[in-house]
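For reference, the structure is listed below as structure tokens.
The values are calculated or read from the model by the stated rules, or taken from the named source; none is laboratory data. Since the model is a prediction, treat every value here as computed from it, not as a measurement. Note: ideal-geometry Cβ built from the backbone for every residue, glycine included; neighbour counts use all protein chains shown. Quick note on the areas: whole protein, heavy atoms, side chains included, nothing else; ligands and nucleic acids left out. Shrake-Rupley method; radii C 1.70, N 1.55, O 1.52, S 1.80 Å.
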Amino acid sequence: MMRRTIFASDLDNTLLFSQKHAVATDLCVELLNGAPQGYLTQDAPRYLEQIMQRALFVPVTSRSVEQYRRIQFPAACRPRYAVTTNGAILLVDGEIDQQWQQASLAAVRPWKDAFEEVLHMLREQPLAKRYRVVDEMFVFAACDTPQDAAELKRALEKRSPLKIEMTGRKLYFFPPQINKGAVIPKLREYFHADWVICAGDSAMDVPMLQQADVSIVPNQEMMNGVPCRNVVACTPSERFYDFTLKETIRYLNERALESRNSNACGALDF
């Protein structure tokens, strides 16, 4: 029998994408104040359903619990488990796993003063248009442009012990224990899994990708920065959202073929 496999994937810009990147055939799966916000490709539900026949699909996202709950996955590919808040919170059937959350809160507690210091600095920075503490686990700030975010990061990065990550026009201020890399060993233990496929597109995903048995990334540049046993990069001619799922299916097929169990499932096709 095949041993348990986890597909742990980032969401935004890996599987999900904004209206800006959507085409007519894509599926809207998220609304914000009644307006389209997040999309899957037309084929993504079918690919995810096939993956979930052979592996446990666990989204791993920096989204807050509230932001994650906005996503309406099609029923056939709705994940039972998800890790939100950059690894700090595990959801099971949409509800917070109390043990996981309490462990994260204990890890974050020594950094509460650092949170307040960052918030105070952000109040004095006109480039920071919005900022808040997310699910009690880290500080988030948003600027008008990526250029403003880069400038704000330069202004603050030597003034706080928190790790500052930037994606687009957003900044994240993390305690060291709140990172996606710490999630993978916990998921392996929680689900008794011995093989993990990860996908991600940003610097916040790199710690997770480094812990994986297989990593899927959007380009060659990111591939060079991920020392992993097996790492594969999307080609410029493909959409990363579908490439991620097709590569996951390919690796699952290869793993099935390597299994000595004559009852292993046949190959998935797409």
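Things worth noting here:
- Hydrodynamic estimate: the Kirkwood radius of the chain over Cα pairs, inserted into Stokes-Einstein at 20 °C and 1.002 mPa s, corresponds to D of 111 µm²/s.
- Measuring r between the beta carbons of Lys20 and Lys112 and using R0 = 51 Å, the FRET efficiency lands at 0.90.
- Added length on full extension, which subtracts the Cα-Cα distance from 0.36 nm per residue, Glu221 to Glu124: 31.4 nm
- Solvent exposure of the chain, expressed per residue, is 49 Å² of accessible area, with all protein chains present and a 1.4 angstrom probe.
- For Leu56, the residues whose modelled amide H falls within less than 5 Å of its own, excluding neighbours fewer than 5 places apart on the same chain, are Thr5, Ile6, Phe7.
- Cα-centre dipole for region 84-151 with unit charges at Cβ (Lys and Arg positive, Asp and Glu negative), debye to 20: 120
- Rounded to the nearest 5, the antiparallel percentage of DSSP beta bridges internal to the chain is 60%.
- Surface composition of the chain: carbon plus sulfur atoms hold 48% of the accessible area, using a 1.4 angstrom probe and ignoring ligands, DNA and RNA.
- What the Cα atoms of region 115-178 give is an Rg and a Dmax of 10.4, 29 Å.
- Computed on the Cα trace of region 137-227, the radius of gyration divided by the Kirkwood hydrodynamic radius gives Rg/Rh = 1.03.
- Values of log10 I(q)/I(0), in the order q = 0.11 Å⁻¹, for region 112-270 under a Debye, Cα-only, solvent-free model: -0.58
- Straight Cα distances below 15 angstrom link Lys20 to the aspartates and glutamates Asp12, Glu30, with same-chain residues fewer than 8 positions distant left out.
- log₁₀ of I(q)/I(0) at q = 0.12, 0.14, 0.22 Å⁻¹ - region 1-124, Debye sum with one point per alpha carbon: -0.55, -0.72, -1.28
- Residue-count net charge about Pro126 - beta-carbon cut-off 14 Å; Lys, Arg +1, Asp, Glu -1: -1
- Dipole in debye (nearest 20) - region 133-270, about Cα centre, beta carbon charges: Lys, Arg +1; Asp, Glu -1: 300
- Above-threshold pairs, the threshold being 25 Å between Cα atoms, out of Lys153/Lys246; Lys129/Lys163; Lys112/Lys153; Lys129/Lys158: Lys153/Lys246
- Pairs of Cα atoms nearer than 8 Å and 6+ residues apart set the relative contact order; for the chain it is 19 percent.
- C-alpha long axis of helix 112-123 to longest principal axis of the chain, angle in °: 70
- The calculated 222 nm mean residue ellipticity attributable to helices in the chain amounts to -9000 deg cm²/dmol, summing -39500 (n - 2.57) over DSSP H runs of n ≥ 4 and dividing by all residues.
- Computed from point charges on the beta carbon alone (+1 for Lys and Arg, -1 for Asp and Glu), the dipole magnitude for the chain about its Cα centre is near 240 Debye.
- Looking at region 147-193, the pairs of alpha carbons with a distance over 11 Å make up 70% of the total.
- Distance between region 102-119 and region 138-182 - C-alpha centres, whole angstrom: 15
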